[in-house]
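Q: The structure under discussion is supplied below as structure tokens; questions concerning it will follow.
Any read-out appearing in this document is the output of simple, stated calculations on the displayed coordinates, not a laboratory observation. All values derive from a computational prediction rather than experimental measurement. Here Cβ is always computed from backbone atoms with ideal geometry, including for glycine, and neighbour counts include all displayed protein chains.
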Amino acid sequence: MSGGGRLPDFLIIGAARSGTTALYSQMRQAPDIFMPALKEPNFFSYEGEALTCQGPGAEYINSSITEVDAYRALFAKAPGGAICGEASPLYLYAPRAPERILHHVPKVRMIVVLRNPIEQAFSHFLYATRHRIESETDFLRVLDQEEARLRAGWQPLFGYSSFPRYGEQLARYFRLFPRESFLIRRYEAFRNTPDAVLRDALAFVGANPDFQPVQTEGVNAGGTPRNRAFQDFLMRPNPITGAIGLVVPRETRWKIRDWLAGFNTRRGLEMPDAARAILIERLRDDIGRLSDILGEDFSDWLM
């Protein structure tokens, strides 16, 4: 390890589109927890790598923190005695993340929220569409383009059906870490009983489980834009938003952007039956593997 300073005591490692942003927003309000304002630094996904991701939204990957000193700096303002953590849902997906986590923070505690991967894939598509990362409007077409896009070096998000292979991903972690290093909950439990899941998460990392945060409704929701030109203006760099960025802090700017985007978003869209059938076929084996690994029946995800 290089340099001084803190490293995290816990990580929210995934899964993407499974409520991790809401959980991060709630946990970082706890007085005994410190989580940096920067969500998704992705350090353990890309440590030491030269990032040259291609395609739409490539800056999400290419702006990841890759040096340990820069990563430690995220926790420099943590009060003495604070429980430090961060949330990067890409850690569950990234093949080398488990070994890097083991190297730097072998005693770390990891929180995982798992969403039906078939629903997760469609949610990821709606999220990418809302943020104008995804240019296609036909979900069947993007499933057909998935392999070609990934071969061209596009970011993992575009692997809509390869991204949520939780059985394969957790197997990598379980080869290196004991089961007690993980708190694993279903997204449905977090959606239906968020207070109970938050309480479990706080207790798991050693924080006061009785803390009650300000709730965060609909954080990081997906959907399709009503007016694509307006969504482009909000989500893509342009001279006006660039000028605003010179005087308005990034976190505040993003909150305003997402608030405005919410008014321009159409929700409640249904996944086409043909797309669901494709995803069930592609993910059936991994869902079975997850059931075997966790000793829990996930066959309801295939219905």
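Q: Which ³J(HN,Hα) values in Hz, rounded to whole numbers, follow from the phi angles of the stretch 133-141 under the Karplus curve 6.51 cos²θ - 1.76 cosθ + 1.60, where θ = phi - 60° and Gly and Pro get x?
A: Listing the rounded values in order: 7, 8, 8, 7, 10, 9, 5, 4, 5 Hz.
Q: If we count other beta carbons within 10 Å of each Cβ, what is the order of T129, T137, fewest first?
A: The fewest-first ordering by Cβ neighbours comes to T137, T129.
Q: What is the local net charge at L176, summed over the other residues whose Cβ is closer than 12 Å to its Cβ (Lys, Arg +1; Asp, Glu -1)?
A: +4
Q: Still on this structure, I have one more. Using Cα pairs under 8 angstrom and six or more residues apart, how large is the relative contact order of the stretch 14-116, in percent?
A: With pairs under 8 Å counted, the relative contact order is 45 percent.
Q: Can I ask one more? Hey, what's the Cα Rg ratio for the stretch 91-205 versus the globular rule of thumb, 2.2 N^0.38 Å?
A: Computed over Cα atoms of the stretch 91-205, the ratio equals 1.21.
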